[in-house]
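Step one of this worksheet: look at the structure below.
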Amino acid sequence: MGCHTSFHSRFRKIKYKELRDSVIYVHNKEILYLTNYFDNCHFTETKKDVLKEIKRNKTILKAVLSKKINKINTLSKLFDSEKDLICHKGYLYIEANYFDLFRVGNYPEDILETEKETFSFIEKQNIIEYNVELIKKFWTENPNGLITFG
């Protein structure tokens, strides 16, 4: 079946401080959620995984707070949102009205930024079912858009 293909329109540029504050907020919130989950969990293996995730979030938070992570592109990769926003190279993107125009396996981390990249990716992945017209329409309407997988 394959993973979902999401199409995004560029929304706006994000300022460093806004992005930094968002990353701090999200990782603090995640630590609180995971800590609560850990306290109420009764399975040893699950608790081990939760502890790893708490540690990962704390490490990220410490690096951001100490300004060891201070580049907008690095912060963009740590951005997470509950509002269907993604951050890429200092810009916020919203979901476009396109979805699953093609599917791919193995959940790639690729981010496609152009129509040419998209069709090259489709060819390299040997994808045979895809909607050429709608993909071209997406890129015509969203020349600064993105395609992600997940």
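The values are calculated or read from the model by the stated rules, or taken from the named source; none is laboratory data. Since the model is a prediction, treat every value here as computed from it, not as a measurement. Cβ: placed from backbone, ideal geometry, glycine included. Neighbour counts: every protein chain shown.
One line per residue, one yes/no per condition, for (1) in contact (Cβ under 8 Å) with a residue 12 or more places away in the chain; (2) among the basic types (K, R); (3) in contact with a Lys or Arg (Cβ under 6 Å, 6 or more places away or on another chain); (4) outside any helix (DSSP H, G or I):
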| residue | (1), (2), (3), (4) |
| --- | --- |
| V26 | yes, no, no, no |
| Y37 | yes, no, no, no |
| H42 | no, no, no, yes |
| K47 | no, yes, no, no |
| V50 | yes, no, no, no |
| V64 | yes, no, no, no |
| T74 | no, no, no, no |
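Within the option set K116, K124, being among the basic types (K, R), modelled with pLDDT of 85 or more and within 19 Å of C3 (Cα to Cα) holds for one residue only, K124.
Among the conditions (1) surrounded by 15 or more Cβ atoms within 10 Å (Cβ to Cβ); (2) in a loop (DSSP other than H, G, I, E, B); (3) in contact (Cβ under 8 Å) with a residue 60 or more places away in the chain; (4) not charged (D, E, K, R), I86 misses just one, which is (2). Scan the range 96-150 for residues that are over 15 Å from R10 (Cβ atoms) and aliphatic (A, V, I, L, M) and the total you get is 8.
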